[in-house]
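See structure below.
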Amino acid sequence: MKVVLLFVFLICFSHLHAQTNPIQKQALLDFFNGTNGAKWINPWPVGNATSDPCLDNWLGIKCTGYNIFSLSLQGNSLSGTLPESLTQISTLQFLYLSRNQITGSIPQSYGKLVSLVQLGLDQNFLTGTVPSSLSNLFNLQSLFFQDNQFTGSLDFLAGMQNIQYLYLSRNRLSGTIPAVVGNFRNLQQIGLDTNLVSGTIPSGLGVNQNALQAVYFQNNQITGILPRSLCSVGICDASGNAFSCPLPGPSCCKVSACAPSGPSSPLI
């Protein structure tokens, strides 16, 4: 009988003390306050001091043991800005905050979230340049930043060697596509459409990838030769740019026009 009672006691004791990493829980509370959690469609029970994110299955929270590895609050009416405190959740692998009303810029410190595998901040009202520190996210496989108001260059892509799905569509990003993007062997889909991207397409794109499926480059300011390597890509749209003539052929990527050599030559 004593053995049974001791066993029950140990179970209860372990449950009471096996709580979410306290640093990570505080980071979630800061995140809740920073994104106006009281106005979320489905808010967390932060008013209950004994409620625990991992043990009580807070909305959008998934844990391994008592460390948080996933935070997903898509379409939950988050507003305000992204707090730097999220960097305290060093075990975070999946961060999805899509379809909200988040404003401001991405903190430079988010480059410390090196465990991230998937990052989705699309369909918000984020502005400013994407911090160069995000090039430290070498484990990242999926990046969804489309439908915001980001500006500046694409230099933050430099270290994302494992990226598979890259969507930056419908922002105000400018400058050239980094040459290193042509060497991303795992890249399957890339969307840069409806930005202010200029320069040429990296020569390695369509050559060095294992399974490139889709390329969306339409409505930019890209010039130069349209690489024939893109002819083998299943979905390819590069219309609304200023490629040099001649084009590879009508069955090779969707392109609306090309420009003969010469700085003043009109598109034909």
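The values are calculated or read from the model by the stated rules, or taken from the named source; none is laboratory data. Computed from a predicted structure; not experimentally measured. Note: ideal-geometry Cβ built from the backbone for every residue, glycine included; neighbour counts use all protein chains shown. Ligands, DNA and RNA are stripped out before the accessible areas are found, and what is left, the full protein with its side chains, is counted by its heavy atoms. Shrake-Rupley method; radii C 1.70, N 1.55, O 1.52, S 1.80 Å.
In region 245-256, the residues that are surrounded by fewer than 16 Cβ atoms within 10 Å (Cβ to Cβ) reach residues that are among the polar types (S, T, N, Q) and at pLDDT below 90 with C-beta atoms within less than 9 angstrom, at least six apart or across chains, in these pairs: Cys245/Ser261; Cys245/Ser265.
The test for being within 30 Å of Gln101 (Cβ to Cβ) and either in a strand (DSSP E or B) or open to solvent by 10 Å² or more (accessible area, probe 1.4 Å) (or both) holds for Ile190.
Scanning region 132-147 for residues that are open to solvent by less than 10 Å² (accessible area, probe 1.4 Å) and in a loop (DSSP other than H, G, I, E, B) yields a count of 3. Restricting the first residue to region 152-163 and requiring it to be under 19 Å from Leu196 (Cα atoms) and open to solvent by 10 Å² or more (accessible area, probe 1.4 Å), which pairs with a second residue that is of a type in the set (Val, Ile, Thr) and in a helix (DSSP H, G or I) meet a Cβ separation below 8 Å and a spacing of at least six or different chains? Close Cβ pairs satisfying both conditions: Ala158/Val180. Scanning region 198-244 for residues that are in a helix (DSSP H, G or I) and either open to solvent by 10 Å² or more (accessible area, probe 1.4 Å) or closer than 20 Å to Leu154 by Cα (or both) yields Arg228, Ser229, Cys231, Ser232. The requirement of being aliphatic (A, V, I, L, M) and in contact with a Lys or Arg (Cβ under 9 Å, 6 or more places away or on another chain) is fulfilled somewhere in region 182-202, by at least one residue.
Considering the conditions (1) over 25 Å from Cys258 (Cβ atoms); (2) part of a loop (DSSP other than H, G, I, E, B), Leu166 is excluded by exactly one of them, (2). Of the residues contained in region 77-89, none is found to be touching a Cys at 6+ places or on another chain (Cβ under 6 Å) and either under 30 Å from Val180 (Cβ atoms) or assigned to a loop (DSSP other than H, G, I, E, B) (or both). Tallying residues that are part of a loop (DSSP other than H, G, I, E, B), under 16 Å from Ser142 (Cα atoms) and open to solvent by less than 20 Å² (accessible area, probe 1.4 Å) within region 91-124 yields 7.
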